[in-house]
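Trainee: Pasting a structure here, questions to come.
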Amino acid sequence: MKEKTIELLKTLTETPGVSGFEAPIRKVLKDYLSPLATELTTDHLGSLVAVRKGNDEEPKIMVAAHMDEVGFLVTSISNNGFIRFQPLGGWWEQVLLAQRVEILTRKGRLIGVIGAKSPHILSAEERAKPVKIKTMFIDIGSTNKEETEQAGVKQGDPVVPFSTFHLCKNGKSFMARALDDRVGCALVVELFQELQDVHHQGTVYGVMTVQEEVGLRGATTSVDVVQPDLALVVDVSVATDTPGIGDTDVAVRTQLGKGPVIGFYDASMIPHTPFRDLVVRVAEENNIPFQVDVMPGGGTDAGKIHLFRQGVPSVVIGIPVRYIHDHTGIAHLDDYQSALRLLVALARVIDGSELEKLKDNL
């Protein structure tokens with residue numbers, strides 16, 4: 001199972017799919033889900049909806065993860081052949097300089113590097129100031145604009161970080177780009193694999209949303225397709241177990257290898273309390289380790305899903321990841337497997353009577 005999980009994570013994290021340009025990753029996810037789903041559809045923005053029917057039609061449980069990754073968009077080409085770009089999603093400028101990227105042109109993929117001045121020619125003033133994205137550029141080795149254009153680069157081309165999957169020496173941690181949120185997509189795929197042999201009453205909708213990183217847009221449309229009774233959003237959480245993060249910098253501590261996180265608060269949603277308590281109880285009853293997450297400065301697709309129509313009770317289950325929105329993040333297989341166990345256990349437990357209890361306990 002570990003080998004299959006690693007291969008799945010490698011495939012998903014190395015497949016491009018920045019916000020608004022998710023076609024490559026959507027195709028891969030379709031290939032994985034087609035043999036597992038009762039139905040498989042796509043909404044008009046491109047979010048993928050896989051259906052796994054249980055013994056009863058209801059409750060309808062939406063398990064959502066976003067397929068898009070942070071990246072860039074080509075905006076212009078200078079006379080010297082350098083490429084200006086617009087970020088897609090949230091980037092901290094200082095993680096970008098001298099990093100390699102991949103431009104997805106109509107002629108094929110091109111490797112470039114985000115240029116940086118050599119320290120030998122930096123003034124004292126420049127050394128003291130952070131470099132802004134608006135002054136950055138991508139260099140593909142061209143000497144003029146014509147060479148860049150002949151290579152296939154055009155305005156509007158998507159750009160992804162260039163980074164490959166790597167299993168760490170301990171055999172448990174792994175490095176990759178786009179863990180936010182391909183790790184969630186992988187969990188939905190493996191959940192559907194597990195449900196082939198698991199008795200569950202409700203209908204599970206595995207939803208891979210688009211454009212989460214630019215405003216939770218895919219969640220806004222796909223929730224209308226599903227019209228769920230409950231929603232579990234599978235995303236990542238900022239691991240705070242690295243140097244330089246003090247106790248006053250974060251509300252709670254989360255770390256690799258200690259279990260998935262259950263979101264108790266974020267900037268886009270306060271979870272439905274009875275549903276949150278059910279998730280906690282199921283984890284405890286099944287001896288599944290978990291951590292609590294409080295994220296004042298961010299949100300997930302649940303921020304849109306829980307506001308659909310009269311409201312959808314929603315909870316976020318996250319995988320702790322170091323270095324989110326960077327070229328390379330680090331996560332832990334134990335957290336991943338525990339999250340999968342929790343999702344399977346919830347699918348088994350949630351039925352019509354459990355749904356009524358949640359409604360009655362508001």
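Nothing in this text is a laboratory measurement; each read-out follows from the coordinates by a stated rule. Just so we're clear, the structure is a prediction, and the values are computed from it rather than from any experiment. Cβ placement follows ideal geometry from the backbone for every residue including glycine, while neighbour counts extend to all protein chains displayed.
Trainee: Tell me which lysines have Cα within less than 20 Å of Lys145's Cα, excluding those fewer than 8 residues away on the same chain?
Mentor: Lys107, Lys134, Lys154
Trainee: Follow-up. How would the range 251-362 be classified by its alpha-carbon gyration tensor: rounded, prolate or oblate, with rounded meaning a/c under 1.5 and the a/b versus b/c comparison settling the rest?
Mentor: Because a/c hits 1.5 or more and a/b fails to exceed b/c, the range 251-362 counts as oblate.
Trainee: Here's another thing I want to ask about it. Identify the residues of the range 53-82 with backbone N under 14 Å of a label point that sits 7 angstrom from the Cα of Gln150 along the Cα-to-Cβ direction, or state none.
Mentor: Hits in the range 53-82 for Gln150 at 14 Å: 81.
Trainee: Also: Using a Gaussian network model of the chain whose springs link C-alpha atoms within less than 10 Å, name the residue from Leu340, Leu110, Leu88 with the highest mean-square fluctuation.
Mentor: Its mean-square fluctuation being the largest, the pick is Leu110.
Trainee: Then there is this: Once you list every other residue whose beta carbon is under 13 Å from the beta carbon of Lys117, what net charge do they have if Lys and Arg are +1 and Asp and Glu are -1?
Mentor: -1
Trainee: I want the local charge near Gly244. Using Cβ-Cβ distances under 15 Å, sum +1 for each Lys or Arg and -1 for each Asp or Glu among the other residues.
Mentor: Combined, the nearby Lys, Arg, Asp and Glu give -2.
Trainee: Below 15 angstrom from the Cβ of Lys134, what's the summed charge of the other residues (Lys, Arg +1; Asp, Glu -1)?
Mentor: So the environment of Lys134 carries a net charge of +2.
Trainee: Can you bin the chain into rounded, prolate or oblate? Criterion: square roots of the alpha carbon gyration tensor eigenvalues sorted a ≥ b ≥ c, rounded for a/c under 1.5, prolate for a/b above b/c, oblate for the rest.
Mentor: prolate
Trainee: 5 Å is the cut-off here: which amide hydrogens, built 1.01 Å from N in the peptide plane, fall below it relative to Val292, excluding neighbours closer than 5 in sequence?
Mentor: Ile262
Trainee: What list of ³J(HN,Hα) couplings, whole Hz, do you get for the range 67-79 from phi and the Karplus terms 6.51, -1.76, 1.60, once you set θ to phi - 60° and write x for glycine and proline?
Mentor: 8, 6, 10, 6, x, 8, 9, 5, 10, 6, 10, 7, 4
Trainee: Separate question: Hey, can you grab everything whose amide H is under 5 Å from the amide H of Gly298? Only 5+ residues off in sequence or another chain; H modelled, so Pro and N-termini drop out.
Mentor: Distant-sequence amide H within range of Gly298: Ala267.
Trainee: Using 1/(1 + (r/R0)^6) with R0 = 30 angstrom and r between the beta carbons of Val280 and Leu307, what's the FRET efficiency to the nearest 0.05?
Mentor: After rounding, the FRET efficiency stands at 0.85.
Trainee: OK, next. Quick check: residue separation of Ser76 and Ala251 times 0.36 nm, minus the Cα distance between them. What number comes out in nm?
Mentor: 58.9 nm
Trainee: For the range 71-161, what number results from the quotient of the Cα radius of gyration and 2.2 N^0.38 Å?
Mentor: Normalised Rg, Cα atoms only: 1.08.
Trainee: To continue, here is another question. Only helical DSSP H runs with n ≥ 4 go in: add -39500 (n - 2.57) per run for the chain, normalise by residue count and round the 222 nm mean residue ellipticity to 500 deg cm²/dmol.
Mentor: -8500 deg cm²/dmol
Trainee: Fully extended, how many nm does the chain gain between Ile6 and Lys27 (0.36 nm per residue separation, minus their Cα-Cα distance)?
Mentor: This chain segment gains 5.6 nm when fully extended.
Trainee: Given 0.36 nm per residue, what is the gain on full extension from Thr135 to Val294 after removing their alpha carbon distance, in nm?
Mentor: Extra length from Thr135 to Val294 when fully extended: 53.8 nm.
Trainee: According to the square roots a ≥ b ≥ c of the eigenvalues of the Cα gyration tensor, what is the shape class of the range 200-304, taking rounded for a/c under 1.5, prolate for a/b larger than b/c otherwise, and oblate for the remainder?
Mentor: Verdict is oblate for the range 200-304.
Trainee: May I ask you to list the GluC sites (Glu not before Pro) in the range 50-135 that are in a DSSP loop and have at most 13 other Cβ atoms within 10 Å of their Cβ?
Mentor: Glu57
Trainee: Shifting gears a bit: Mind checking which aspartates and glutamates have their Cα closer than 18 Å to the Cα of Lys4? Skip sequence neighbours fewer than 8 apart in that chain.
Mentor: Straight-line reach from Lys4, under 18 Å: Glu14, Asp31, Glu190, Glu194, Asp197, Asp334, Asp335.
Trainee: While we're on this one: Would you please name the GluC sites (Glu not before Pro) within the range 279-360 that are DSSP coil residues with at most 14 other C-beta atoms within 10 Å of their C-beta?
Mentor: Within the range 279-360, no GluC sites (Glu not before Pro) qualify (loop, at most 14 other Cβ atoms within 10 Å).
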